[in-house]
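Values quoted throughout were computed directly from the atomic coordinates according to the rules given, and no laboratory measurement underlies them. Values in this document were obtained by computation on a predicted structure and should not be read as measured data. Counting neighbours? That spans all protein chains shown, and the Cβs are built from the backbone with ideal geometry, glycine included.
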Amino acid sequence: MSVRGSAWILAVAGLAGACSMILELSAVRLIAPWFGTSSAVWTHVIGVVLLALSTGYLLGARLSRGKLPMRSLGLCLLAAAAATGWVPAVTAPVASWFLGCIPPLVTEIVQRGEGCSAGDAGGRVLALSTAGSIVGTFATTYVALPALGLSRTFLVASILLALLGALVLGIGARSGARAEGIAALLAVAVLGALAVSRVRAPTASPGWRLVDSTESAYQSLRVVEGEDGGHPMRRLQVNEAFDSFQSVWQAAPGFLPEGYYYNLFALPPQWARRPGNSGDWRLSVLGLGAGTAWRVVAGELPAGMTLRASGAEIDPAVVELGVRWFDLPVGDPSRCVLGGVDARVALRHLEPDLDQIVLDAYANQMEIPAHLCTREFFGEVRSHLVPRGWSSRPWRRRLATRSAAACSRCASPFRGTACSSRAKTRILRPRMDRTGTRGRKRSIGGFRPCRSAEPGGGSSRVRLRS
């Protein structure tokens, strides 16, 4: 086998490397509806995949000592194809085990065919396999999962591996009757997976039904519909949100039933000191979701006041579901949606002189993104607010005060740099439950103290009860 003749077998190694990354990244999405996508989940998935690959390397090294490594390679590819196809149904790491056999076998085939050194053959195989893994990494996140969904992504990888296995067995392998029988059984397993293997969606809570679901570049999304206190409701759930949600909808704008923290975002317009409450209330929501905060505030504005709102949502798929199921307005000149934009980036492009900024952005359901709780970020928030403007965020006080960059008392720069200016900015911090989980229904009897930062460092405290 010449160097040119070995190019196709090296390409097989590269495509197998791409499939291994498809498996690894898709595996996280596969278990996200039950366990989420936190660092701990990623750690366990990566550890299991690496364990499977390492044992596969050992098996591949043993198989490479045989007389027909090409036949072993083809059978391993078919076995990996069958295992990949059944991952949505059985959620097992067997496919990665078989994929681990590929690099040692390809290295042996190249070394025997070209008569080169083991280091030369192994280096090229590793290079092509790693390059394929890079392609698989980006293709899975930005192309396959959003366009095909989770089940089809696994099945496409299964088909690709099956075609590679058939190519290897058909072109380069002298297969005996036993090997042909095994190949036929594996082909049947692949076809069976294509027919019946599908990802099992989590069941909705009693009284709720699933109406839509999708996979985005960021998370697994589900829309459920049901009733809460006799009111027809819809909820947008992400990843492992069994009894919590990212956004909520009811037919009429305004206050939601008791227990939803979004209701507290409607209080600042009621407290605004304006003659006759006339003019626009300029609101921006960082972490817009499907637009729940907009609908609540718009439905409870004082008479004579109109809402001009903007919002940033990092996940474009959330915006699409919001338009489809949550009455998120499109084409309304008084509303501006920044889809696919991070909250901190969006803040720099917002109009100044806002009356209220709502920070409702979370990662992994209950984690506050680190770049959204720094002194610099809150300085930017304050610079976009009018005097006596409002910064609203549904954070538990304990979570806020633990920010390393935050003020020791109010988790923001308002008592420091802001106090030297003439502006007064009030901070509304609704009460949360102990977990601080976004959207979880809770009984709210009021909110945390409303602190006003004034020149000279003075502050006032107000505690309200419903």
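The amide H of residue 256, built 1.01 Å from its N in the peptide plane, has 263 as neighbours under 5 Å, considering only residues 5 or more places off or on other chains. For the stretch 257-266, backbone phi angles converted through the Karplus equation (6.51, -1.76, 1.60; θ = phi - 60°) give residue-by-residue couplings of x, 4, x, 9, 6, 4, 4, 5, 5, 8 Hz, Gly and Pro being listed as x. Between residue 358 and 284, 285, 286, 392, the built amide H atoms are under 5 Å apart, and every one of these is 5 or more places off in sequence or on another chain.
Rg and Dmax over the alpha-carbon atoms of the stretch 128-231 stand at 19.9, 70 Å. Amide H to amide H, with H built 1.01 Å from N, residue 385 comes under 5 Å of 353, 354, counting only residues 5 or more places away or on other chains.
Summarising the label geometry, the points placed 7 Å from Cα in the beta-carbon direction at residue 48 and residue 323 lie 3.7 nm from one another. In sequence order, the stretch 338-344 has phi-based couplings of 9, x, x, 10, 5, 4, 6 Hz under the Karplus curve 6.51 cos²θ - 1.76 cosθ + 1.60, θ = phi - 60°, and Gly or Pro positions carry x.
When only alpha carbons of the stretch 7-196 are considered, Rg and Dmax amount to 16.0, 51 Å. For the stretch 115-135 versus the stretch 32-71, the inter-centroid distance based on Cα atoms is 18 Å. Using θ = phi - 60° in the Karplus curve 6.51 cos²θ - 1.76 cosθ + 1.60, the 3J(HN,Hα) couplings for the stretch 107-115 round to 4, 5, 5, 5, 5, 5, x, 9, x Hz; x is entered for Gly and Pro. Taken along the Cα-to-beta-carbon direction at a fixed 7 Å, the label points for residue 40 and residue 383 span 3.8 nm. Our estimate of slack between residue 116 and residue 203, defined as 0.36 nm per intervening residue step minus the Cα-Cα distance, is 25.7 nm. Assuming R0 = 45 Å, what is the FRET efficiency of residue 58 and residue 212, from their Cβ-Cβ distance, to the nearest 0.05? Efficiency at R0 = 45 Å is approximately 0.50. Under the simplified labelling scheme, the residue 142-residue 67 pair shows an inter-label distance of 4.9 nm, with each label point 7 Å from Cα along Cα→Cβ.
Between residue 345 and residue 184, what's the calculated FRET efficiency when r is the beta-carbon distance and R0 is 41 Å? Round to 0.05. That gives a FRET efficiency of 0.15.
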